[in-house]
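Asks: Input: one structure, supplied below.
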Number of protein chains: 4
Amino acid sequence: MAVANLSISSLTQRYLSVRAYTEKLCETLETEDFVVSSMPDVSPTKWHLAHTSWFFETFVLRQRVPGYEPLNPRYAFLFNSYYVQAGERHCRAQRGLVTRPTVEQVFEYRRYVDEQMLKLLETIDDDYAITLGLNHEQQHQELLVTDIKHVLWTNPLRPAYDPRRAEYSSATPLMREWVDVPEGVYRIGDDTGGFVFDNERPAHRVFVEPFRIGAGLVTNRDYLKFIEDGGYRRPELWLAAGWAIVQGESRRAPLYWEKNEGEWQEFTFAGMTPLDPDSPVSHVSYYEADAYARWAGHRLPTEAEWEIAARTLPDLPRLFGDRWQWTQSAYVAYPGYTPPAGAIGEYNGKWMSDQWVLRGSSIATPPGHSRVTYRNFFPSDARWQFTGIRLASK
Amino acid sequence: MAVANLSISSLTQRYLSVRAYTEKLCETLETEDFVVSSMPDVSPTKWHLAHTSWFFETFVLRQRVPGYEPLNPRYAFLFNSYYVQAGERHCRAQRGLVTRPTVEQVFEYRRYVDEQMLKLLETIDDDYAITLGLNHEQQHQELLVTDIKHVLWTNPLRPAYDPRRAEYSSATPLMREWVDVPEGVYRIGDDTGGFVFDNERPAHRVFVEPFRIGAGLVTNRDYLKFIEDGGYRRPELWLAAGWAIVQGESRRAPLYWEKNEGEWQEFTFAGMTPLDPDSPVSHVSYYEADAYARWAGHRLPTEAEWEIAARTLPDLPRLFGDRWQWTQSAYVAYPGYTPPAGAIGEYNGKWMSDQWVLRGSSIATPPGHSRVTYRNFFPSDARWQFTGIRLASK
Amino acid sequence: MAVANLSISSLTQRYLSVRAYTEKLCETLETEDFVVSSMPDVSPTKWHLAHTSWFFETFVLRQRVPGYEPLNPRYAFLFNSYYVQAGERHCRAQRGLVTRPTVEQVFEYRRYVDEQMLKLLETIDDDYAITLGLNHEQQHQELLVTDIKHVLWTNPLRPAYDPRRAEYSSATPLMREWVDVPEGVYRIGDDTGGFVFDNERPAHRVFVEPFRIGAGLVTNRDYLKFIEDGGYRRPELWLAAGWAIVQGESRRAPLYWEKNEGEWQEFTFAGMTPLDPDSPVSHVSYYEADAYARWAGHRLPTEAEWEIAARTLPDLPRLFGDRWQWTQSAYVAYPGYTPPAGAIGEYNGKWMSDQWVLRGSSIATPPGHSRVTYRNFFPSDARWQFTGIRLASK
Amino acid sequence: MAVANLSISSLTQRYLSVRAYTEKLCETLETEDFVVSSMPDVSPTKWHLAHTSWFFETFVLRQRVPGYEPLNPRYAFLFNSYYVQAGERHCRAQRGLVTRPTVEQVFEYRRYVDEQMLKLLETIDDDYAITLGLNHEQQHQELLVTDIKHVLWTNPLRPAYDPRRAEYSSATPLMREWVDVPEGVYRIGDDTGGFVFDNERPAHRVFVEPFRIGAGLVTNRDYLKFIEDGGYRRPELWLAAGWAIVQGESRRAPLYWEKNEGEWQEFTFAGMTPLDPDSPVSHVSYYEADAYARWAGHRLPTEAEWEIAARTLPDLPRLFGDRWQWTQSAYVAYPGYTPPAGAIGEYNGKWMSDQWVLRGSSIATPPGHSRVTYRNFFPSDARWQFTGIRLASK
């Protein structure tokens, strides 16, 4: 798919680059790795590869290309995720049971969609649905990586995804502990006019009382102190629903941590490795983030506080590229929010219950997919993403 | 327990009146009715009677009366609800399986605690824990009523709780549809210094964009139009989690509604009755309230909007006494929130995840237990409370 | 209901006596005790009282009394257990949630059915359906006792059902350990022509190889040796399905046994008591009986072996009146078995899968309800009946 | 692995032939097909390939070859099925989540074990454990085929396993409907001294009353009449547990049957095909077999009846090679049964509860693996094997 045409549009360039990046993420995988779903949240790698192509087929090619012929009409059923208005779809719980199309056939499907898209892209310069499709594929790039990490961890042999891949950005030193932000009416949400998801709009005003925010992320070293201080044995530190899980599952540490012969290890892209104390803590649930904050005598920021801090203090270390940061804001619509019409309106709006907003981005977020208004969201007990902790304080 | 002592303190008077009101709510019940739990959310009547007494015993008598002897030391295990720091407790799921102590013995337990409390009340005028205990008992008065309604409905014979008891206040006419509230920084939360729950504090400032709020509650007549317009068959109106329930349980109406031979009926305090079109709709989940609002082209208010409207427009009809009103605000801590130390700090704080705030009060709320800062909270699918809908609009 | 009429028929006498015995079993209960179902296998006491009356109403009065008017036509829905051909019925899982009719109303229902039955009995001397109804009620007498034992045990206060009631017959001494039965073709099953359940017929021939059968029942003393020898920790002693339960539920002893401060106790009709070593072991599942037998180097008898032994050695100790004895025979039809036509044919035939035959009778079996051909049946993990162990060997 | 050594032992020949046959069954599969488990009963193809090798490694090589070095010591954990005495093992429910070792690595594992086995086979002529291992592998050959059929059916695309493969033997005509077998004491079970599974021994005597047995198997044509006569809507035909499933899952036909636009189709090795009326009915549960027999006015044979008929009438059509035939005999030990000592004793004995014996063999049974004493066993609701119906009658 290498292309060296000087006259190629920037949208085409972006299309080629995003699509190629997805496939690059699969380079270290065996055919068998593409097939499995290790828990309900996790989709098989080959499903991600196909679904992102289905997205372009459904929301771009079928709309724009008269008489468009799909490669296989049954793929629409197999690779629709949750767009009720886009037709019937395969049950999510069974995604990991479908062995055909094979991995090779899924790559053929990608090539087929790419050919059609490239033809179409010759005729247009800019397009909301295509840009959405690229951002959508970038979101699945992150899911692909976090999902395959979980799949491999489920295997008692604990194979590595990619030993060359780091789990945090090493550069930024921690300079100081807290920064103060004064009270006031601030504006949050997007008003740039550029591409953002619908849920980042409209921009609107919020009042915040004065607050402090952590100048870095909580590290494994910090979190170990919480564990060693009985963090997982003291109900007074926990939300009731979190405590029920800690008790019911005998939880004692973040996901992927294991104590072997007295030594803490964690499962990383490089397989099982000794716990790295300097790494920002990862794979903690909202319950764990909240309990840690209470134990530390602080709290989690709201999403408004996070965005205000990020806007006013853009040099705040580790805002982006290390860990998604839990906020204590539930994921709901901004005042005046309106989703687009049709199936595409299901993208964000219908998930606005029982989830928390996470801000920033993570080590698994693809390049060019972070911004200050970005609203990620997961339920209270999600742990398989690279989720971490930034503290706030009154 | 009739008392006619002129010198009796107002706290004692209040104690006597609250405790008597609880027992009055049981007047129409048979002994058998006190025993059963019809679903995990529902506690048996006799458990409510005992647990509210245990609360005084644990948080007042054991703290204040030297050498206090409980009537039965095992009751502390049976009647602790969820206060982990107050000791081991009986499994909630088994509350409805405990036939002893009998109803008569539970009333004896109430009398025993009352005697001790009255003795103690001779010596004190004011006390946070006692006032909390009375407010706690008032909350259980509402639960007792909504729980027994569910228990009786579970019986195929559908016996009535109390045919004389209305399900809405008839008085208030609907005067106009919407009222406008201007943008601005407002103060919400309690700063009266009087008794409120910890979660109503601290008072703090919020900014709201200009909004409109409904001058009344959505009625059964209104809600029927939503049903007849295919409300329960159109996925685009629903949050994803709500739609999954609608599909999975084939839901077609609020809890307690039934269509018999083409006629809508509802189960009320008077048993099965024809649906009353003038009644504010009740027993709807957050999902249903949200879907209705979307269908109507509007939205639910935030809790800040609700409180600001209630403060600036205290004559707004049906703020209190008919239906709890779902807001689109997740139940989280106010900035600067601090729960009290010890077991009593578990009262509100540990529930701050995966619940929505409801404002106002309902037909089942006991007299004297409503206020403009009150924050009730239930999860997205709770329907057995008297929950209704007040709309807001951009 | 005492009757002293010399001319009363023996069927009437039997009717009066069986019906009175059921009510006598409830003498020590509180009203609250009648309402609850502590697990899916357990029915509320008041349900047993009503269902046995419904049986006479449905299979006798409605068939025989022209224009029979039931006391309450809805009771047919509430108190049908599982007779699909007798009409719709209430969901078994919800039996314990129905508070009305009250206990007093259920007793009224019994009196109403009794009056109608006594009138009918003046006109007839013998009747299969009435005799079946009386045997049916006797089966429910045993269930009533074992069910209420479970209900009371579920209560952390562990109230006693009836301290005067023994859990085994003290009389019979153990004379010798084994008796030998020679090989041969034997006849088993009923050919007396008297009342038996359909599943005891037809009589037919079986061949048995020579075998030995235990001359008594395994005692608590014996069973403790199995426990102390690691019986519950040695997978090689267990059927796979039984071992999965032992592991999954961390089982260490029969139902109702508890080790408190180093001492074994058991829950009996008299509440928690020290374990009685001379008592035949009780409340063991098929899995436990089978594992014990394997540990002891023996096996469980087949039902044919049991019946042949009981017929040829009628003095074999503890055949009846102490513990139901697990056999290694699955509950299936005898060759040539034909159930009666209609709903009454559902009595036994439709349960012939995934159950084991138990032979003999137990301390909870009412007087006059035991015989050598009786086939009781329960699934592999049932433990709440008085089930024990008689060994067989090669 | 083709070998043409004239001096090769017959055990070696048999080893090579059985091992090769397993791999031949995989010829039509894609790599992805080897990975998935479509329901708890189904194991991935690659697990079957590895587990059968592990069996030789564990019960032959580790016992016989001093200093035996396994290819990968972790495979013992991954590929032990249920032999508790052979060490810890991977959770069965997670078999389908393990992507490594890859399919290629599993074939390497087979080659490694084969090399070691062939070396060992040069030194021995006969061996119980090796013969057991070969019979074990043959059982897994049948499971491999029935499992992959289920995996492929789970895929909405319904890919074919092997269109050239028939689902029944065409040859045998049905000659007459019933054959009569006289009463008598017969001997069943194995006394040949040759290899059989432990559960086929000891031979022993049984008495059977005179009976008739069907001279062929029930066909799809026959079974359709049952369906069209309301077989799946008439509770009086069903065992209670079967009826609960029919109701709960809205069952209307055997597994793999589908009615599309008024036409019955079935999923076969060739994918979805029109229902073949001449095919023996397949993929019916015990409940369905039993209900069909009741509807037809007959019953299922006992295993003794089946074996006696097969011994006395060896020309009875379709005894072997078409469908396993449900019997109404529960799977329990023969009198005098003794399993071998150690882990290998877990092979058959620990499954003797809650299963029915099936006799004969099926289209999926490998050549040379059928005999008159063979006792297959499955629980009441198993349908993914090639299970069919032979009737018996009083």
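Asks: Just the residues that are farther than 20 Å from D:Thr45 by Cβ and either surrounded by 19 or more Cβ atoms within 10 Å (Cβ to Cβ) or hydroxyl-bearing (Ser, Thr, Tyr) (or both), please, taken from the range D:66-75.
Replies: The one that is farther than 20 Å from D:Thr45 by Cβ and either surrounded by 19 or more Cβ atoms within 10 Å (Cβ to Cβ) or hydroxyl-bearing (Ser, Thr, Tyr) (or both): D:Tyr68.
Asks: Given the conditions (1) open to solvent by less than 70 Å² (accessible area, probe 1.4 Å); (2) of a type in the set (A, V, I, L, M, F, W, C); (3) more than 7 Å from every other protein chain (Cβ to nearest Cβ), and given that B:Leu78 satisfies all but one, which numbered condition is not satisfied?
Replies: Of everything listed in (1) open to solvent by less than 70 Å² (accessible area, probe 1.4 Å); (2) of a type in the set (A, V, I, L, M, F, W, C); (3) more than 7 Å from every other protein chain (Cβ to nearest Cβ), B:Leu78 misses just condition (3).
Results for (1) in contact with a Cys (Cβ under 9 Å, 6 or more places away or on another chain); (2) not hydroxyl-bearing (Ser, Thr, Tyr), shown as yes or no for each residue.
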{"residue": "D:Ala129", "(1), (2)": "no, yes"}
{"residue": "D:Gly133", "(1), (2)": "no, yes"}
{"residue": "D:His136", "(1), (2)": "no, yes"}
{"residue": "D:Ile148", "(1), (2)": "yes, yes"}
{"residue": "D:Trp153", "(1), (2)": "no, yes"}
{"residue": "D:Pro156", "(1), (2)": "no, yes"}
{"residue": "D:Arg165", "(1), (2)": "no, yes"}
{"residue": "D:Ser170", "(1), (2)": "no, no"}
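Asks: Considering the range C:286-296 alone, what residues qualify as being more than 10 Å from chain D (Cβ to nearest Cβ) and more than 19 Å from the chain's Cα centre (by Cα)?
Replies: At the first step, the residues of the range C:286-296 found to be more than 10 Å from chain D (Cβ to nearest Cβ) are C:288-289, C:291-293, C:295-296.
Scanning the range C:286-296 gives C:Ala291, C:Tyr292, C:Ala293, C:Trp295, C:Ala296.
Asks: Considering only residues that are among the β-branched types (Val, Ile, Thr) and more than 23 Å from the chain's Cα centre (by Cα), look in the range D:188-208 and name the one that is least open to solvent (accessible area, probe 1.4 Å).
Replies: D:Val208
Asks: Return a yes/no flag: does the range D:165-186 have any residue that is touching a helix residue (DSSP H, G or I) at 6+ places or on another chain (Cβ under 6 Å) and either among the β-branched types (Val, Ile, Thr) or not in a helix (DSSP H, G or I) (or both).
Replies: Yes, the range D:165-186 contains a residue that is touching a helix residue (DSSP H, G or I) at 6+ places or on another chain (Cβ under 6 Å) and either among the β-branched types (Val, Ile, Thr) or not in a helix (DSSP H, G or I) (or both).
Asks: Identify all residues within the range A:144-161 that are surrounded by fewer than 17 Cβ atoms within 10 Å (Cβ to Cβ) and more than 9 Å from every other protein chain (Cβ to nearest Cβ); write none if there are none.
Replies: A:Arg158
Asks: When you check A:Gln138 against the structure, is it open to solvent by less than 10 Å² (accessible area, probe 1.4 Å), of a type outside the set (Asp, Glu), more than 18 Å from A:Thr31 (Cβ to Cβ) and at pLDDT 95 or above, yes or no?
Replies: yes
Asks: Hey, any hits in the range D:32-41 for a residue that's in contact with an Asp or Glu (Cβ under 7 Å, 6 or more places away or on another chain), within 14 Å of chain A (Cβ to nearest Cβ) and farther than 24 Å from D:Gly342 by Cβ? Please lay out each step first, then the result.
Replies: Taking the range D:32-41 as the starting set, the residues that turn out to be in contact with an Asp or Glu (Cβ under 7 Å, 6 or more places away or on another chain) are D:35.
The next check asks that each one be within 14 Å of chain A (Cβ to nearest Cβ); those that pass are D:35.
Still in the running and farther than 24 Å from D:Gly342 by Cβ: D:35.
Yes, that holds for at least one residue.
Asks: Just for the range C:348-394: of the residues that are in a loop (DSSP other than H, G, I, E, B) and at pLDDT below 95, which one is most open to solvent (accessible area, probe 1.4 Å)? Write out each step before concluding.
Replies: Start the filter on the range C:348-394 by keeping residues that are in a loop (DSSP other than H, G, I, E, B), which leaves C:348, C:352-355, C:361, C:363-375, C:379-386, C:389-391, C:394.
So of that shortlist, the ones also at pLDDT below 95 come out as C:348, C:367-368, C:394.
On the way: C:Asn348: 7, C:Pro367: 91, C:Gly368: 73, C:Lys394: 146 Å².
The extreme case among them is C:Lys394.
Asks: Within the range B:297-325, track down each residue that is within 14 Å of chain A (Cβ to nearest Cβ), more than 15 Å from B:Tyr374 (Cα to Cα) and hydrophobic (A, V, I, L, M, F, W, C).
Replies: The answer is B:Leu300, and nothing else.
Asks: Going through the range D:47-65 one residue at a time, which ones are open to solvent by 10 Å² or more (accessible area, probe 1.4 Å) and more than 17 Å from the chain's Cα centre (by Cα)? Give the derivation first.
Replies: Within the range D:47-65, the first condition is being open to solvent by 10 Å² or more (accessible area, probe 1.4 Å), and the residues that meet it are D:47, D:58-59, D:62-65.
Passing the criteria: D:Thr58, D:Phe59, D:Arg62, D:Gln63, D:Arg64, D:Val65.
Asks: List every residue pair whose Cβ atoms sit under 9 Å apart, with the two residues 6 or more apart in sequence or on different chains, where the first one lies in the range A:216-244 and is outside the structural domain of A:Tyr292 (by TED's automatic domain parsing) and farther than 20 Å from A:Arg390 by Cα and the second, anywhere, is open to solvent by 40 Å² or more (accessible area, probe 1.4 Å) and part of a helix (DSSP H, G or I).
Replies: none
Asks: Take the residues of the range D:97-126 that are of a type in the set (Asp, Glu) and part of a helix (DSSP H, G or I): which is least open to solvent (accessible area, probe 1.4 Å)?
Replies: Going through the range D:97-126, the residues of a type in the set (Asp, Glu) turn out to be D:104, D:108, D:114-115, D:122, D:125-126.
Imposing the further condition that a residue be part of a helix (DSSP H, G or I) reduces the set to D:104, D:108, D:114-115.
On the way: D:Glu104: 98, D:Glu108: 85, D:Asp114: 6, D:Glu115: 112 Å².
Across the range D:97-126, the extreme among qualifying residues is D:Asp114.
Asks: Hey, could you check the range D:233-285 for residues that are of a type in the set (Phe, Trp, Tyr) and away from every other protein chain (no Cβ under 14 Å) and say which is farthest from D:Asp147 (Cα to Cα)? Before you say what the answer is, go through the steps one by one.
Replies: First pass over the range D:233-285, keeping only residues of a type in the set (Phe, Trp, Tyr): D:238, D:243, D:256-257, D:264, D:267, D:269.
When the remaining residues are screened for being away from every other protein chain (no Cβ under 14 Å), the result is D:256-257, D:264, D:267, D:269.
Values: D:Tyr256: 13, D:Trp257: 17, D:Trp264: 23, D:Phe267: 13, D:Phe269: 12 Å.
So the residue we want is D:Trp264.
Asks: Consider the range A:185-202. How many of its residues are touching a residue at least 40 places away in the same chain (Cβ under 8 Å), at negative phi and not polar (S, T, N, Q)?
Replies: Step one: list which residues in the range A:185-202 are touching a residue at least 40 places away in the same chain (Cβ under 8 Å), which gives A:186, A:188-190, A:195-202.
Filter once more, keeping what is at negative phi: A:186, A:188, A:190, A:195-202.
Pick out the ones that are also not polar (S, T, N, Q) and you get A:186, A:188, A:190, A:195-198, A:200-202.
Residues flagged as touching a residue at least 40 places away in the same chain (Cβ under 8 Å), at negative phi and not polar (S, T, N, Q) within the range A:185-202 amount to 10.
Asks: Right, next: Of all residues in the range B:319-347 being of a type in the set (D, E, K, R) and at pLDDT 95 or above, which is nearest to the chain's Cα centre (by Cα)? Even if it seems obvious, please write down each step before you answer.
Replies: Residues of the range B:319-347 that are of a type in the set (D, E, K, R), as a first pass: B:322-323, B:346.
Now drop any that are not at pLDDT 95 or above, which leaves B:322-323.
Values: B:Asp322: 12, B:Arg323: 10 Å.
Taking the candidates together, the pick is B:Arg323.
Asks: Further question: Among (1) in contact with a Leu (Cβ under 6 Å, 6 or more places away or on another chain); (2) away from every other protein chain (no Cβ under 14 Å), which single condition is C:Asp180 missing?
Replies: Going through (1) in contact with a Leu (Cβ under 6 Å, 6 or more places away or on another chain); (2) away from every other protein chain (no Cβ under 14 Å) one by one, C:Asp180 breaks only (1).
The values are calculated or read from the model by the stated rules, or taken from the named source; none is laboratory data. Values in this document were obtained by computation on a predicted structure and should not be read as measured data. Please note: Cβ atoms are built from the backbone with ideal geometry, for glycine as well, and neighbour counts cover all protein chains shown. Accessible surface areas use protein heavy atoms only, side chains included; no ligands, DNA or RNA. Shrake-Rupley method; radii C 1.70, N 1.55, O 1.52, S 1.80 Å.
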